[in-house]
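I have placed the structure first, in the form of structure tokens, so that the comments after it can refer back to it.
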Amino acid sequence: MFLIFTLGGLSVLLALILTPVVRDVIGRHFLDHPDGVRKMHATPVPRVGGIAIVLAYTTTFAIAFLLPFSYTFVLRNALPKILPLTLVTLVVFLTGVLDDLSGLTAWQKLTGLCAAGVMAYFCGIRVEIHFLHSLPAWPWLGFAFTVLWLVGCANAFNLIDGMDGLAAGVGLFATVTMLIVALTQGNLPLALATLPLAGSLLGFLRYNFNPASIFLGDSGSLVIGFLLGCFGALWSEKSAALVALTVPLLAVAIPLLDVTLSILRRYLCNRPIFQADRGHIHHKLLDQGLSPKNAVLTIYAVCAVAAALSLLASALHNQFSGLVVILFCGAAWMCVRRLEYTEFEIAGRLFLKGNFRRIIDSETRLTHLEKALAQARDAEECWTKMCDGTSGLGLEVTRMSLGGFLFENADRSPARRWELRIALPDGQYVDFSAGRETRTGALMLNGVVDAIDRGLRHCLERRSLALREPAQQTITVTKRLYYTASAAAAAGSKSGA
């Protein structure tokens, strides 16, 4: 226990001393400039917090090894498990430093994190999901799950690092949670690894909380997330239950929830997954009128609840972990609804009110319409297929000029609100209209135009239905009675007789 207090006190003291030194000496080379959109700070701020935290963390162990006390043999015995963790974290740290210094692309950062995850797996840091051992046909599942977990945790803290003290404070809550569980379970290597990080984060928050004089930077957020992922893996080794990872997952639930929401939002809106935006949880709290400090404190409170649930599940020896996770997920779902994400509200309406099925039905109709037009044998068949295909979409074809013939709908509805023309080669075209009762939106209308345009152009290429005569023949269509050019010519010869 004396060793625990020594490591904790040293890490806090070193963070308090080293953070302003790093900020003033190295910080001028790593400035974060405001942009008026996502970065709202008034003046450039050094983003070297990760360097200060890593220095405090590693220096704590170095000093503890040199202390002339008998308890240091405990630290030396735990060295074989702590040293691989330190070496792997160095890869993540260097990736973050390069990004803070010169700016890496999202894929370059992801490559560095994946390399660190692979190294961690082969160094013995593995997420132990014991039911995977019953699947010998897929031995790579444990490897894939470990890398995904470590990279996901690192990216989660990287994304949530958007306000003063947010990522460091959330990381402190998660680290203290894992420290308490390590002490209660007698997991000494995990306790020795987590305590210096908790102390370093606590000392760093003295300078990072609003108003911050130093930012965490990618070198800090990536390292914190990756270390917590490794701690979660060490935690899962002590559990043989199916839900071995659910308890450490609760400890980092808020960052993981934020990264999950970000991926879903960007996927639903067809945006790049790695594109930055102002849709994170802390941004939503700001939009609801909270000050930056109150928004951070609110997230702290939620993290405290998640930490308490995590400790409760651990104390119950995983017997009711599933129930605790379900309760937390239900509470998280209600909180997300309060944040008023427009993307999820629209997606919910699409699924729950049948709009999604209508979209699938409309897209299917358009695909069939395009294929039918492309395979039509003549202009009359094009008109017939087009009238049939658009009727179920709330549209009405009113006129078509194709292959030297002009088709018109004599029974067109007088209550039409607007008309649209699709231009085709050689002055040919298709006109259609819709009324107020149509449910065709802008996206569906664009799909109709594209389907008809592609289908008819393909038909023109295949069947040579180009304009062959200088004067077009007009064919009036009533309901489903269609006249070809030859029928109109025959009617004209009979009348002449």
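Laid out as a table, the results:
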read-out	value
Subset of segment 420-474 [more than 42 Å from the chain's Cα centre (by Cα), modelled with pLDDT under 80 and acidic (Asp, Glu)]	469
Meets criteria (buried (at least 18 other Cβ atoms within 10 Å of the Cβ) and over 30 Å from residue 449 (Cβ atoms)) for residue 326	no
Residue selected from segment 89-134 under the condition assigned to a helix (DSSP H, G or I) and more than 26 Å from the chain's Cα centre (by Cα), by the criterion modelled with the highest pLDDT	90
Residues satisfying the stated conditions in segment 95-112, i.e. out of contact with any Gly (no Cβ under 9 Å at 6 or more places or on another chain) and either within 17 Å of residue 274 (Cβ to Cβ) or among the charged types (D, E, K, R) (or both)	103, 105, 106, 107, 108, 110, 111
Segment 361-379, residues that are over 17 Å from residue 395 (Cα atoms) and in a helix (DSSP H, G or I)	371, 372, 374, 379
Residue 79 vs. criteria in the same structural domain as residue 25 (by TED's automatic domain parsing), touching a residue at least 24 places away in the same chain (Cβ under 8 Å), surrounded by 13 or more Cβ atoms within 10 Å (Cβ to Cβ) and of a type outside the set (Phe, Trp, Tyr)	no
Residues (modelled with pLDDT under 80 and on the phi > 0 side of the Ramachandran plot) located in segment 279-328	317, 318
Residue list for segment 207-227, restricted to those being in contact with a strand residue (DSSP E or B) (Cβ under 9 Å, 6 or more places away or on another chain) and not in a loop (DSSP other than H, G, I, E, B)	217
Residue match in segment 266-289 (condition: over 22 Å from the mean Cα position of the chain (by Cα), without any contact (Cβ under 8 Å) to a residue 12 or more places away in the chain, surrounded by fewer than 19 Cβ atoms within 10 Å (Cβ to Cβ) and assigned by TED's automatic domain parsing to the domain that holds residue 163)	yes
Residue identified as buried (at least 18 other Cβ atoms within 10 Å of the Cβ) and either β-branched (Val, Ile, Thr) or outside any helix (DSSP H, G or I) (or both) among 203, 162, 152, 169	162
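The values are calculated or read from the model by the stated rules, or taken from the named source; none is laboratory data. Here the structure is a predicted model, which is why all the values come from computation and not from measurement. Neighbour counts are summed over all protein chains in view; Cβ atoms, including those assigned to glycine, are modelled from backbone coordinates with ideal geometry.
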